[in-house]
Amino acid sequence: MIIPLPSRTAGGADPFELTPATPLTADPALSRAAAWLREALTPATGCPLPEGTGGIEIRTAPGLPPEGYELTVTAERVLIRAGDPAGAFYGAQSLRQLLDPAVYRAGRTGKRRWQVAPVTIGDRPAFRWRGCLIDVARHFLPKHELLRYIDLLAMHKLNVLHLHLTDDQGWRLEIRKYPRLTEVGAWRRESPVGSVVHGRFDGRPHGGYYSQDDIREIVAYAADRFVTVVPEIDLPGHTRAAIAAYPELGNLAEAQPEVGTGWGIQDDVLNVSDAAITFFKDVFDEVLELFPGEYVCVGGDEARKGQWRESLDAKQRMADLGLRSVEELQTWFVRQFTDYLIARGRTPLGWDELLEGGVPAGTTVAAWRGEECAALAVRAGHDVVVSPFTGTYLDFRQSELADEPVPIGSVTSLRDVHAFDPLPAGLAGAERERVLGAQAALWTEHIDSPRLLDYMAFPRLAAFAEAVWSGRQDFDGFTRRLAVHEKRLEALGVEFRREGGPLPWQRRPDAPGEPRTRAAIDAQLMAWTANLRRAP
């Protein structure tokens, strides 16, 4: 009954009994997994399990693949074998799922003896990048809720949290050199109610940001659960909040824009001056101190070029560099930051719009506009993280039901997400190795509370986790296991979507959406890919 589905499983004879006296021990290299498991089981047993052999043992097995593990449960003992600390941790997560879902209900069971189902499991991930993007720029997510989501990602063996920290509607990261980024950029006057096409606003200020100490806590908490936090500082578009804080970053000298209050793509982009480049390199200096992981996202998506086409300074920059188009100007601009990151030992990540002017060397591409974009990036020599909006954007509506909360996009059902295949068709051999994995996305224009975030994420995020960990498609088997898994989610207080649709308090009749048909989405995909094929 484990989600995501293990690579291979065989039943056993007699269960293991977990009691407060059950000893737990681990080889020193795997002590983090033991520490997590001891804490995770304490609500069930009433006290931390004692140190010792003959109960639960976590042992090193050098021949196992990265993040892989073996889990054997007999009446005599529980043995987790792993080749690395991450594999041991995932073995511990699977062990927890073998227990009654009530063990997830912290401190409220009253029971102290538990049966662990007898089983032999051999398991390994299909992909190394198994991520989830959470957009905290459109609607701020308080730190304690973000920590809760890190636990939920780890529970599902997802190992990347892509944190979308900046956008037109909010800047969420304290930058000490430029305090107005959060003094001004973290707060907007109001927000749309439902889709912007209806022209309704709530008249209520919204904002918030993470201090640098908050970020250190978030990153450390995630690392303890083998989740890497990838920060995104979006540029040159999606920067209106930054321009509102420091207008000299924009292209309109006489303008004093406010932080964005509407959704959609804004016209504002950064200017291409040396001063703007220096400003954002200063920003990245502080970002690199806070986020030690390999990848840093520089955005590059949905940057409208109208202001550059009208800007004398942008035209002069293009002439000086011999650039033929504003798309090439964007590539040059973004390259100032990708080169900066590479020189400091990091790997830049950028959205697939960068293909239109040429992706800077050494940049990993986040392909969101369909599998053909991903294939083009691979064939251009780039590593790729696949995140197609038609199958992995979890802000899209979940059914055709009229009472889905703030219904936008085409229907992305639980079955659709479970059927997702990260490998684009037509790739073979070494090309397939370029696909690092995939990530789901929780864009929050229309997700304005943690309760609604739960509804949109689960159980679809569990289906996504199975797609990227197991790489196997057995939807009927998944739904059978999901019936038990939902009891775990319920015990954790996750307000997931039920099979029949939203419960009364999950509906949002006050917030009309903007549903689209799949045919309209497919037409948009065809237009995008045709444009990419014409790109130099």
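The values are calculated or read from the model by the stated rules, or taken from the named source; none is laboratory data. Source: prediction; values computed, not measured. Glycine gets a Cβ as well: all are built from the backbone with ideal geometry, and neighbour counts include every protein chain shown. Each accessible area value is taken on the protein alone, full model and side chains, heavy atoms only, with ligands, DNA and RNA left out. Shrake-Rupley method; radii C 1.70, N 1.55, O 1.52, S 1.80 Å.
What is the sum of charges, Lys and Arg at +1 and Asp and Glu at -1, for the other residues whose Cβ falls under 12 Å from the Cβ of Val298?
Numbers: positive: Lys281, Arg335, Arg346; negative: Glu232, Asp234, Asp301, Asp339, Glu353.
It works out to a net charge of -2.
Give the separation of the Cα centroids, the range 408-459 to the range 347-395, in Å.
Taking the Cα centre of each part, the range 408-459 and the range 347-395 sit 14 Å apart.
How large is ³J(HN,Hα), in whole Hz, for each residue of the range 30-35 in order, when computed from phi with the Karplus curve 6.51 cos²θ - 1.76 cosθ + 1.60 and θ = phi - 60°, using x for Gly and Pro?
10, 5, 5, 5, 5, 4
If I compute solvent accessible area with a 1.4 Å probe over the protein chains, what percent of it on the range 281-361 is carbon and sulfur?
Details: 1430 of 3270 Å².
That share works out to 44 percent.
Which length gain, in nm to one decimal place, applies between Glu514 and Glu400 when the Cα-Cα distance is subtracted from 0.36 nm times their residue separation? The partial results should precede the final answer.
Values: separation 114, 0.36 × 114 = 41.04 nm, distance 1.22 nm.
Result for the pair: 39.8 nm of gain on full extension.
In sequence order, what are the phi-derived ³J(HN,Hα) couplings for the range 69-82 according to the Karplus relation 6.51 cos²θ - 1.76 cosθ + 1.60 with θ = phi - 60°, rounded to whole Hz, with x for glycine and proline?
7, 10, 10, 10, 10, 10, 5, 8, 6, 10, 10, 10, 10, 8
Based on the alpha-carbon gyration tensor of the range 311-419 and its eigenvalue square roots a ≥ b ≥ c, which shape applies: rounded if a/c is under 1.5, prolate if not and a/b is larger than b/c, or oblate? Before the final figure, lay out each step's value.
Working: a/c = 2.89, a/b = 1.97, b/c = 1.47.
It is prolate, given that a/c is not under 1.5 and a/b is the larger ratio.
Relative contact order of the range 1-159: what whole-number percent is it, with Cα pairs under 8 angstrom and at least 6 residues apart? Could the numbers behind the result be given before it?
Numbers: 309 pairs, mean separation 46.9, N = 159.
Relative contact order, the range 1-159: 30 percent.
Amide H of Leu423: which non-local residues (sequence gap of 5 or more, or other chain) have their own amide H closer than 5 Å, using H built in the peptide plane?
Those lying under 5 Å, H to H, from Leu423: there are none.
Run down the lysines and flag those whose C-alpha is under 29 Å from the C-alpha of Lys315, throwing out any fewer than 8 positions away in its chain.
Correct list for Lys315: Lys281, Lys305.
With each pseudo-label sitting 7 Å past Cα toward Cβ, what's the Thr120-Asp224 distance in nm, one decimal?
3.6 nm
Quick check: convex hull of the Cα atoms in the chain, volume per residue, rounded to a whole Å³?
Values: hull volume 81.5 nm³, N = 536.
About 152 Å³ per residue, rounded to a whole number.
What does the charge add up to near Leu452, with Lys and Arg as +1, Asp and Glu as -1, over the other residues with Cβ less than 14 Å from its Cβ?
Working: positive: Arg138, Arg397, Arg451, Arg460, Arg497, Arg507, Arg508; negative: Asp135, Glu145, Asp395, Asp403, Glu404, Glu445, Asp448, Asp454, Glu495, Asp510.
Once positives and negatives cancel, what remains is -3.
Pairs of alpha-carbon atoms within less than 8 angstrom and 6+ residues apart define the contacts here; what relative contact order does the chain have, in percent? Numbers along the way, then the final one.
Working: 1169 pairs, mean separation 78.9, N = 536.
For the chain, the relative contact order is 15 percent.
Keeping every protein chain present and rolling a 1.4 Å probe, give me the accessible area per residue for the chain in Å². Mind dumping the intermediate values first?
Numbers: 20410 Å² over 536 residues.
Per-residue value: 38 Å².
Considering only protein heavy atoms and a probe of 1.4 Å, how much of the accessible area of the range 1-143 is carbon and sulfur, as a whole percent? Working shown, then result.
Numbers: 2990 of 5540 Å².
With neighbouring chains kept in place, the figure for the range 1-143 is 54 percent.
Give me the net charge of Arg516's neighbourhood, meaning all other residues with Cβ under 11 Å from the Cβ of Arg516; Lys, Arg count +1, Asp, Glu -1. Please report the intermediate quantities before stating the final value.
Working: positive: Arg397, Arg518; negative: Glu514, Asp522.
Summing Lys/Arg as +1 and Asp/Glu as -1 gives 0.
Give the long-range amide H neighbours of Val229: residues separated by 5 or more places, or on another chain, with amide H under 5 Å away, using H modelled in the peptide plane at 1.01 Å from N.
Leu161
HN-Hα J couplings of the range 439-455 from phi, Karplus 6.51/-1.76/1.60, θ = phi - 60°, integer Hz, Gly and Pro as x?
Residue by residue, the range 439-455 yields 9, 7, 9, 10, 6, 10, 3, 10, 10, 9, 7, x, 5, 6, 4, 4, 4 Hz.
How high is the relative contact order of the range 42-97, in percent, with contacts defined as C-alpha pairs under 8 Å that are six or more residues apart? Provide the component values of the computation, followed by the final result.
Details: 87 pairs, mean separation 17.3, N = 56.
Reported relative contact order: 31 percent.
Could you pull out which residues in the range 48-65 have an amide N less than 13 Å from a spot 7 Å beyond the Cα of Thr74, following the Cα-Cβ vector?
So the set is 54-55.
Which trypsin sites (Lys or Arg not before Pro) from the range 317-384 combine a DSSP loop assignment with at most 16 other Cβ atoms within 10 Å?
Sparse-neighbourhood loop trypsin sites (Lys or Arg not before Pro): Arg324, Arg344.
Report in % the part of the accessible area of the range 411-536 that belongs to carbon and sulfur, leaving out ligands and nucleic acids; probe 1.4 Å. Each step should come with its number before you reach the end.
Working: 2900 of 5650 Å².
In the range 411-536, the share of accessible area belonging to carbon and sulfur is 51 percent.
If R0 is 45 Å, what FRET efficiency do you get for Val484 and Thr278 from their C-beta distance, rounded to 0.05? Present the calculation step by step, with values, prior to reporting the outcome.
On the way: r = 55 Å, r/R0 = 1.22.
Result of the calculation: an efficiency of 0.25.
May I ask what percent, to the nearest 5, of DSSP beta bridges between residues of the chain are antiparallel? Numbers along the way, then the final one.
Values: 23 of 67 bridges.
Around 35 percent antiparallel, to the nearest 5.
Report Rg(Cα)/(2.2 N^0.38 Å) for the range 339-394, keeping two decimals.
1.13
Out of the range 236-274, which GluC sites (Glu not before Pro) are coil in DSSP terms and have no more than 11 other C-beta atoms within 10 Å? Working shown, then result.
Details: sites: Glu248, Glu254, Glu258; in loops: Glu254, Glu258.
Sites meeting the loop and neighbour criteria: Glu254.
Loop only by DSSP, 14 or fewer other Cβ within 10 Å of the Cβ. Give me the GluC sites (Glu not before Pro) in the range 107-212 that pass, ordered by residue number. Could you put the intermediate results ahead of the total?
Values: sites: Glu145, Glu174, Glu183, Glu190; in loops: Glu174, Glu190.
Sparse-neighbourhood loop GluC sites (Glu not before Pro): Glu190.
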